[in-house]
């Protein structure tokens, strides 16, 4: 079986602009494959990916699970004798892949370039502002109300107690955003999965796992591995990254729990017990967890920020919008969230409301652009890890065949 | 030097006095006929003063220094042109091969080694003569340059810069050679990134405006006769035939048949090779820069050259690029091997790799969306050209992979290249508009003698097949040299090379040519015996016209006169002494190296006739690699068997078999020859010497057999200069073989 080669020069240009500017320097010595823990005998990763990239073979790359499995430990870049920075090239390939699998295309393209930053911020800002205006909540409450309801009446208040006005408007913004984001991620991941299966030659599995089998055998172990940071711990060059990524990931999980708890207590239980509305007591264990998580989030992303800045200053990494955009967004969410809380506590209404508005904007950005930015690694990598388990499983490889 | 006045000196320094009995050594010298003085540091100022005092007061002119190896302290023991210094190597090859016995006494065996070396040195001093250099009556210092391409023009310019006149003979109507056809050239300066404009025009202008350079275009050399310092070249119109064309080689047997009319004379109508053209031009030396031709690649059927329209060679592609625009999608194939092997096309090397890189750039220059694929087995970009490679590799539209090209096919309107075992881990099908094959650069010496010498050994260089036809004699050891003294090769005729390499090469060859002229002028040898004033002296009255010397001379130095007697050309000679070794009449000798001298040295070794423990083995050691290796073994203080005696020889080729007979008849038990490696990857400094010696030894074995001696008593070993640590073992093994054979039955007679 031979491959009909049609190099895509645009793809090469694209990768070069997304941090892979060094990709053509590779001369296939395979030092990267020697140091890379993902490389196996028959699969010299990332040497082969480097030549694919040089030859502009994008179909090979976007459906390559290893590209997604790489967590950019940076060993390959450190040891590369030619300065080809395979780690950065792989990052560029991932950036391209997210764009490639992204839906709708326009949004995916928009989110991939720093040039569009005004629009990327402007769109959610306008949407929320418009909703804020429509809701009629666009005014600063009295200090007393602010102290009592916090940002609970940001979008105003009505007496229909089955669904608070604030909740309605927040849901109006966030639910479609999340829905779009989840659908885009689902589409992207299924396309990636199909391509990976095709490239790995597992078009027709022996048996098809059921959804629950799939989750139990492939997805859940991958999630556990991610949370435990097993692979990060093997990093040498980028060992510091664990210190940032681990608190960040845990804070995300904690904040997810806190948000869910808060939504449940306020918007479900609150229907029956109106006292549940309003800000939680600072001594509520859940509130303590929320605050700890918020600080962990800022500290975690701050460490990653520092690491990246340092590596770029040392010339060991190429600054790209792809990498920085996610850091900025998370930092934005963390800082505006915490600041909004602080201003609520000290009771400065105007500043607090404006910061809360910005917080909503940054949260919307994080959700909306998730499938197209570096944040997409959350889903793509998780499923690539599931695929890694899947392709070695008895569903694909008959244990009797060998 | 009217009369020899001897002075013999012994050094006791460097540990010599610690292990040897100095008084006994001195009395050995006395019994051999020379009174010997000793000093604890003969090479020091005080020691030298001792000798200089004797020179001044007693008129000593022939000095025997028994001390370190003749390879060291040469300046210290050089007392001027009017003196001869003979060195006895009692340090590296006697004092340093072992120590005193356990009782602290002098080792009897070791002492005998040193005493024999003292005897040999004394005999050598008695037999040697002061050399008188051979000088041509007139010397011509002009340099003939064959070929007016980059190599030839650079050589002429470099010769001119050094003050020598040069004449370029170019076959084509214009200067410039192949380089006239290049669209661009490789980068020559930092950062070695961009292709440069072709600089050949500048070179042509420089040559044309140089007053010391004469250019003859549309011309070629019919024949070159004579010898360095006095070559006569007949220059003719290119492609024409003249009576002065170089005659083909005719062997003795063939000549007999021609004389009987059984064989047509290949040289009918041509002047005899010994005849000198009175209208010829004289030159001092020759630079061969006749270059190369593009190789034919039609033999590789799977690549479709000659059958498929758009499959071209790199040379053809260059012409296409020079004349206009090249296609947008081009595959460059560097190796024809398919699945079978990974060899490049014949006559390829780094140049063809770099040409592919250069031509890939043309594809990109001429087409906005150009795509160039290079499929190689070897990508060779030596030195700074690595930066050129890096630059080309950076180009988005240039794709490189190692791979075996299994076929080229026509498909639709274009071509498809199939390649296996690529770096992409899969077989590839490349759709392209054109395929370029990296055809090699065949040296002109593959097709024709090119140099057209009027020599007895024929018009061409000998045995070029071991260098794939390149005009070479040993790429590493003898750069630019050929097996014809005074003829130096450079450029594409010597190796497939780039313009830059060619220029370096041509400079080297031009300097070699000048060196040769100046050596001839002073009557001394060229490399590897540079500066040697001696030359072979023939005692013709006893010559039997057997022609062994003329046949065996590796450098074709000997012609025949009308009667068939050797006609020496001393400036062609490299002084290896192969003729001396060949001569059955033993009439060829050098002033300081003769049959009698070495024979007498052999005979001067004391052979105990009644002691079975004291066998004697003579070892003739090539001075070029084996002798230095032996010295190095001594310097490493390796123990060495003390039954052997070493005699240095110029080259094993100079080994006259009479010395073996001398050794055997004086009761020695074995004889060994140690010289350079021979064969296709020879290391012999005179190309053929060790090989010839080995052949002679096979014959002497038979002779010994008829005398009732075991042929195994004589043997040859090949030694590389790096073998110094293996030498003691090599000697030991031979001695053990001799011990098993037992003593020479003729001992004592």
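Once the Cβ-Cβ distance between residue B:465 and residue B:316 is put in as r, and R0 is 30 Å, what FRET efficiency do you end up with, to the nearest 0.05?
0.60
Would you mind calculating the gained length between residue B:189 and residue B:309 on full extension (0.36 nm times residue separation, minus the Cα-Cα distance), in nm to one decimal?
So the extension gain works out to 39.4 nm.
Please identify which residues in the range B:482-499 have an amide N closer than 18 Å to a label point set 7 Å out from the Cα of residue B:511, following the Cα→Cβ vector.
Residues B:482, B:486-491 qualify, since their backbone N sits under 18 Å from the label point.
Once you have a ≥ b ≥ c as the square roots of the Cα gyration tensor eigenvalues for the range B:617-749, tell me rounded if a/c is under 1.5, and otherwise prolate or oblate according to whether a/b is larger than b/c.
Since a/c reaches 1.5 but b/c is at least a/b, the shape of the range B:617-749 is classed as oblate.
Run the quick spin-label model on residue B:585 and residue A:253: label points 7 Å from Cα toward the beta carbon, then report their separation in nm to one decimal.
10.5
So in the protein assembly as shown, what percent of DSSP beta bridges are antiparallel if you round to the nearest 5?
If we restrict to bridges inside the protein assembly as shown, about 35 percent are antiparallel.
Find how many whole Å separate the alpha carbon centroid of the range B:332-364 from the alpha carbon centroid of the range B:412-465.
Here the two parts' Cα centres lie 9 Å apart.
What is the Cα radius of gyration of the protein assembly as shown over 2.2 N^0.38 Å, N being its residue count?
Cα-based Rg divided by the globular estimate yields 1.37.
Quick check: from the Cα gyration tensor, does the range B:297-447 come out rounded (a/c under 1.5), prolate or oblate?
rounded
Which FRET efficiency, nearest 0.05, do residue B:635 and residue B:733 yield, Cβ-Cβ r, R0 22 Å?
After rounding to 0.05, the efficiency reads 0.50.
Would you mind calculating the relative contact order of chain A from Cα pairs under 8 angstrom and at least 6 residues apart, reporting the percent as a whole number?
Worked out over chain A, it gives 23 percent.
Can you give me the Kirkwood hydrodynamic radius for the range A:334-388, using every pair of distinct Cα atoms, in Å to one decimal?
Roughly 12.9 Å, rounded to one decimal.
Please compute the modelled spin-label separation between residue A:263 and residue B:504, points set 7 Å along Cα→Cβ, answer in nm with one decimal.
Modelled inter-label distance: 7.2 nm.
Based on other C-beta atoms within 10 Å, arrange A:364, A:282 from fewest to most.
A:282, A:364
What percent does the relative contact order of the range A:270-402 come to when contacts are Cα pairs within less than 8 Å and at least six residues apart?
About 19 percent, as a whole number.
Please check which bits of the range B:194-227 a label hung off residue B:137 would reach, taking the label as a point 7 Å along Cα-to-C-beta and the cut-off as backbone N under 20 Å.
Of the residues in the range B:194-227, B:225-227 have backbone N under 20 Å from the label point off residue B:137.
Over chain B, what is the relative contact order in percent, taking alpha-carbon pairs closer than 8 angstrom and at least six residues apart?
Relative CO of chain B lands at 12 percent.
Indicate the gyration tensor shape class of the range B:161-313 (rounded, prolate or oblate), computed on the Cα atoms with a ≥ b ≥ c the square roots of the eigenvalues: a/c under 1.5 is rounded; otherwise a/b larger than b/c is prolate and the rest oblate.
oblate
As a check on your grasp of the helix formula, calculate [θ] at 222 nm for the protein assembly as shown: sum -39500 (n - 2.57) over DSSP H runs of n ≥ 4, divide by the residue count, round to the nearest 500.
After summing the helix terms and dividing by the residues of the protein assembly as shown, the value is -12500 deg cm²/dmol.
Would you please give the FRET efficiency between residue B:394 and residue A:34, computed as 1/(1 + (r/R0)^6) with r the Cβ-Cβ distance and R0 = 30 Å, to the nearest 0.05?
That pair, residue B:394 with residue A:34, gives E of 0.80.
Take the alpha carbon atoms of the range B:260-280, find their center, do the same for the range B:514-567, and report the distance between the two centers in whole angstrom.
23
Quote to one decimal, in nm, the extra length available between residue B:100 and residue B:18 on full extension: 0.36 nm per residue of separation minus the C-alpha distance between them.
Full extension from residue B:100 to residue B:18 adds 28.7 nm.
Using alpha-carbon positions, what is the distance between the centroids of the range A:345-402 and the range B:677-726, in Å?
Between the Cα centres of the range A:345-402 and the range B:677-726 lies a distance of 80 Å.
For the range B:569-626, compute Rh as the Kirkwood radius over C-alpha pairs and then the Stokes-Einstein diffusion coefficient at 10 °C and 1.306 mPa s; write the answer in µm²/s, rounded to an integer.
114
So how much slack lies between residue A:119 and residue A:281, counting 0.36 nm per residue of separation and subtracting their Cα-Cα distance, in nm?
Between residue A:119 and residue A:281, full extension yields an extra 54.5 nm.
Bear in mind these aren't lab numbers, they're just calculated from the coordinates by the rules spelled out. Computed from a prediction, not measured in an experiment: that's the story for all the values here. Ideal geometry is used to build each Cβ from the backbone, glycine not excepted, and the neighbour counts take in all protein chains shown.
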